[in-house]
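Report on the structure given below.
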Amino acid sequence: MTMQLEAAPAAPSMPATGDLFNPADSESDLSFSLQDFVTEFGDELLDSLNRANPPVYNGVPRANRQLVLASLKRQLFPAQAEVVHAAAELLVNQGERAAIVNGEMGTGKTTVGIALGAVLNAEGYRRTLVLSPPHLVYKWRREILETVAGAKVWVLNGPDTLLKLIKLREQLNVPAEGQEFFIIGRVRMRMGFHWKPAFVRKRTRYGMVGACPHCGTMVTDLDGEPVSALELEAEETRRKCHVCDGALWTLMRPRSLSGSDQSSAVLRALKRIPTIGEATANKLMKTFGDSFLASMLGDNLHNFINLMDANGELVFSDRQALRMERAMSSMEFGFGEGGYQPSEYVKRYLPQSAFDLLIADEAHEYKTGGSAQGQAMGVIASQVRKTLLLTGTLMGGYADDLFHLLFRALPGKMIEDGYRPSASGSMNAAAMAFMRDHGVLRDIYSESDGPAHKTAKGSKITVRTVKAPGFGPKGVLRCVLPYTIFLKLKDIGGVLPPYDEEFREVAMDAEQAETYRNLAANLTAALKEALRKRDTTLLGVVLNVLLAWSDCCFRAETVRHPRTREMLAFTPAQFNELALMPKERELIDICREEKAAGRKTLVYSVYTGTRDTTSRLKMLLEQEGFKVAVLRASVDASRREDWIAEQLDRGIDVLITNPELVKTGLDLLEFPTIVFMQSGWNIYTLQQAARRSWRIGQKLAVKVIYLGYAATSQMTCLALMAKKILVSQSTSGDVPESGLDVLNQDGDSIEVALARQLVAA
């Protein structure tokens, strides 16, 4: 038998007498909540903090920088301009190596980064390098051209990246006519250019499918369907295993293409482009030649789209050009170029400070200690004069997340504080030291009965130390506040409409509720029995079934043990195809009300594959007279913005999708009402998806509604997520006014906390 106990602070001892105060009233008289404390003493604390650490920027902008901002084609909001002035003051006048902009989703961090590049350019910082998420490379290019007059933008995201860097090396001493921006996708930054899919083939009832070579898991799409080996072989994107996160690709030796190989490669590339078929591709090859087309396709976009014939006429119409521009923004074409990965080339072959300013978008993606892209970012950051980190989630909850990011951006400061790499170059000891200084560690005691000694029986107690979410005030004061500028939506003021979040508990039908209670009782009993046998394989199955069943009970549900395949429970379908479930009735009422008010509705459903609910929701809503579209994973990420625009042109009232598909890079301003049919586990995804339409440019009040069945695991899960939602924001010094925001009380994950409550019931 084993029992685990978590170390907790000792309970305060009670006074021996009641002479000094009444113990019964002690809690109300002497206990003070954090919120009340800040309200009462916040001003004095702020004054004291400002005296000890004078602000870098006093709110008075420098005239020369104000003139630069006034000259931009796109004018900044006052709050955005303040952030630019503060960052410039920190980097230039204070001489710091890096600055961090921690801005909420929708505050225009991209615009802030571009404006800072323009301000620093006027003070001698000539070249700006942007590290961007791959699907936002061309969005950065577009926004730079729309903001900075006369800017030259180089996209370093295709197989010709090395050639462009070589060309840059040759032109380092040539005076530039305008400001230069270089944009590179974070995947391209850390990789060579020659790769091929790497997977094992497995024969199944679905045919020949691909499987992970590391763990053997079948490769599936976002809908949970197996992907055939032929499809994987032909894919242009690099996949990872969704179970073990292993790469499903491998690097291959660079080679030069022969003439015939190049011709066939160019022909294949042309036929991948929308509006270009076999006949058009052959005509282009005959007219312009494969070498000329290869050089143009290497730039991926505008040179090719604006191709002219011998008479000076554009080859492609405006309609063709628009479709091609949308599709080609994320395409990559390779015709034999290759060599060093870009980060290594910048380090080895470009002089120190060839790039003056590095802007790292979505900087939290570089926080992992051993990740290749994090290390590549650190290499590039060491070669530039100044670094700007843009992020909406500075810390993922654990102190060591922040350590690696700070060490890559501010190595001098971290070494000064004593966090040095070991003789072998390992950062593990330094990260643990940082964690002990500024993080939260928890001791877990395990007690077991048995032969604790060779000659006697007794209890054996073991102690292990694990990290928990949280970041100490000393760390905030030392590592965050001196280098971080916070930008919140409320700071922009008057630009954004009202935002409202609401929980709605929906009561199940009587028969549905009774079936759920019986199912929950049976599964909980089976789970407790399995846990007594030290079998945890059933835990995930039980949690998923109890969360999903009430939304999927229009199908029969069979629950089996994942290892023994023993049937644990069975429930028949509770509703037929036409009968509405309570949540569905609530959704239809919401959509009807919003349509009457001239508003479109965005509906999130997290279930795919065998539990898919989107098709049923679409059918039910269409029966009520709504025009509905379903965004599925089969729509490529680069085409989703275009696809949604086409559906809006068709006049849809409701868009149904999985929140994972729209959590980054999409503004859904046309859908001011958002309904979560389910929440899922991922707090980051939940927050991102909830704010898709509450962004700069929105004119209507935004309404977000979370639906959950009363007295089920769904409401328990939402309550637990509410407790967790502020862990990542503990470094911002602010408590957001979100309907889900409650201060974190413990360090368990959502799954663990839900399991604890389930087993304790």
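The values are calculated or read from the model by the stated rules, or taken from the named source; none is laboratory data. Remember, predicted model here, so these are calculated numbers, not experimental data. Cβ sites come from the backbone with ideal geometry, for glycine too, and all protein chains shown count toward neighbours.
Structure summary
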item	result
Condition check for Arg504: touching a residue at least 24 places away in the same chain (Cβ under 8 Å), out of contact with any Lys or Arg (no Cβ under 6 Å at 6 or more places or on another chain), basic (Lys, Arg) and not in a loop (DSSP other than H, G, I, E, B)	yes
Subset of region 493-504 that is at pLDDT 80 or above and not hydroxyl-bearing (Ser, Thr, Tyr) - its residue that is farthest from Leu587 (Cα to Cα)	Pro497
Qualifying residue in region 701-721 (condition: buried (at least 18 other Cβ atoms within 10 Å of the Cβ), touching a strand residue (DSSP E or B) at 6+ places or on another chain (Cβ under 7 Å) and at pLDDT below 65)	no
Where a residue in region 403-426 is more than 15 Å from Ala98 (Cα to Cα) and its partner, wherever it lies, is assigned to a loop (DSSP other than H, G, I, E, B), with Cβ under 7 Å and at least six apart	Pro421/Met427
Number of positions in region 625-645 that are surrounded by fewer than 17 Cβ atoms within 10 Å (Cβ to Cβ) and hydroxyl-bearing (Ser, Thr, Tyr)	1
Residues that are in a helix (DSSP H, G or I) and touching a Lys or Arg at 6+ places or on another chain (Cβ under 6 Å), drawn from region 108-145	Val119
Wholly enclosed helices (runs of 4 or more DSSP H) of region 361-436 bearing at least 2 residues modelled with pLDDT under 85	372-381, 399-409
Of all residues making up region 221-230, the number that are more than 19 Å from Thr250 (Cα to Cα) and not in a loop (DSSP other than H, G, I, E, B)	1
Residue that is farthest from His135 (Cα to Cα), among those in region 229-276 that are among the small types (Gly, Ala, Ser) and either under 34 Å from the mean Cα position of the chain (by Cα) or modelled with pLDDT of 80 or more (or both)	Ala229
Yes/no for Gly439 being over 25 Å from Ala87 (Cβ atoms), under 20 Å from the mean Cα position of the chain (by Cα) and among the small types (Gly, Ala, Ser)	no
Selected residue [surrounded by fewer than 17 Cβ atoms within 10 Å (Cβ to Cβ) and modelled with pLDDT of 85 or more] from Asp535, Asp509	Asp509
Checklist (1) hydrophobic (A, V, I, L, M, F, W, C); (2) under 25 Å from Arg348 (Cβ atoms); (3) touching an Asp or Glu at 6+ places or on another chain (Cβ under 9 Å); (4) not assigned by TED's automatic domain parsing to the domain that holds Thr110 applied to Met377, failing item	(4)
Filter result (within 32 Å of the chain's Cα centre (by Cα), assigned to a loop (DSSP other than H, G, I, E, B) and surrounded by fewer than 19 Cβ atoms within 10 Å (Cβ to Cβ)) within region 538-577	Pro562
Some residue of region 150-163 being surrounded by 22 or more Cβ atoms within 10 Å (Cβ to Cβ), assigned by TED's automatic domain parsing to the domain that holds Thr393, in a strand (DSSP E or B) and under 28 Å from the mean Cα position of the chain (by Cα)	yes
Residue in region 475-489 that is over 30 Å from Phe407 (Cβ atoms) and of a type outside the set (A, V, I, L, M, F, W, C) present	no
